[in-house]
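K.L.:
Pasting a structure below so you can have a look.
Coordinate-derived values only; no laboratory data. This one's a predicted model, so the numbers in the text were calculated from it and none came from an experiment. No Cβ is skipped: glycine too gets one built from the backbone with ideal geometry, and neighbour counts run over all protein chains shown.
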Amino acid sequence: MSSMLSRLIGKSFGVNTPAKSPAGAMPTQPEARVRVLMVCMGNICRSPTAEAVLRHRLSEAGLADAVAVDSAGTHAYHLDSPPDARSSQAGAQRGYELAHLRARKVQAQDYAHFDLLLAMDWDNLALLEENCPSDLRPRLRRLTEFIPNSHPLAGSPVVPDPYYGGPAGFEHVLDLVEAACDGLVTHLQMRLAHLDRSQGD
């Protein structure tokens, strides 16, 4: 298990993390050049954790303004609810702030609004595929696809739902999400570089 305590630079790491928009609304960040949506079932455990971790990684990389991050659920079980207290506690122990986030459901406009919609597991990926216009389906992927091949967790197919388990499950979610977000930031850096080259042509 990797420790993030050494990365702690304050409660929010200097990241601007305003309260999340009401359920069903997408946050605005007009200056962003790439947009990423983390997706799980209820948007109270895995996907808000992934949103918080990616925001921190992007801030470290100097990409907080270039990449917009949000999270949502495929089901409307917990609209406007904060993250599960166990997710918030596990995240806080590694320096991540989740308390300001609020659950929302994936909306039809999300498929066009976001450049990447990253599902935590196969079931949620399938639900995204059912509702996504066919021409936008290349935007749908699993978060764990971005775990670097050199990482001990490489090959993990999904981020499992910790909801019905104990604390170890929430720690495992963080281990997987941290590893995937490291690889995702590298992918986003390359994607932004490609956009720069395209605009220069």
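K.L.:
Can you compute the helix-only [θ] at 222 nm over the chain? Use -39500 (n - 2.57) per DSSP H run of at least 4 residues, normalise by all residues, nearest 500 deg cm²/dmol. Please report the intermediate quantities before stating the final value.
P.N.:
Details: 5 runs with 72 residues, N = 201.
Roughly -11500 deg cm²/dmol at 222 nm, from the helical runs in the chain.
K.L.:
Any idea how far apart ALA193 and GLN107 come out in nm if each label point goes 7 Å out from Cα toward Cβ?
P.N.:
It is 3.5 nm.
K.L.:
Normalise the Debye intensity by I(0) for the chain, one equal point scatterer per Cα, no solvent, then take log10 at q = 0.10, 0.12, 0.18 Å⁻¹ and round to two decimals.
P.N.:
-0.37, -0.54, -1.32
K.L.:
Tell me, what is the percent relative contact order of the stretch 122-163, built from C-alpha pairs under 8 Å that lie six or more residues apart? Don't skip to the answer; put the middle values down first.
P.N.:
Numbers: 24 pairs, mean separation 13.0, N = 42.
With pairs under 8 Å counted, the relative contact order is 31 percent.
K.L.:
Now a separate question. Distance between Cα centroids, the stretch 98-118 to the stretch 129-201: provide it in whole Å.
P.N.:
Answer, in whole Å: 15.
K.L.:
Return the Cα extents of the stretch 94-154 along principal axes one, two and three, sorted largest first, each rounded to a whole Å.
P.N.:
In descending order, the Cα extents are 35, 32, 20 Å.
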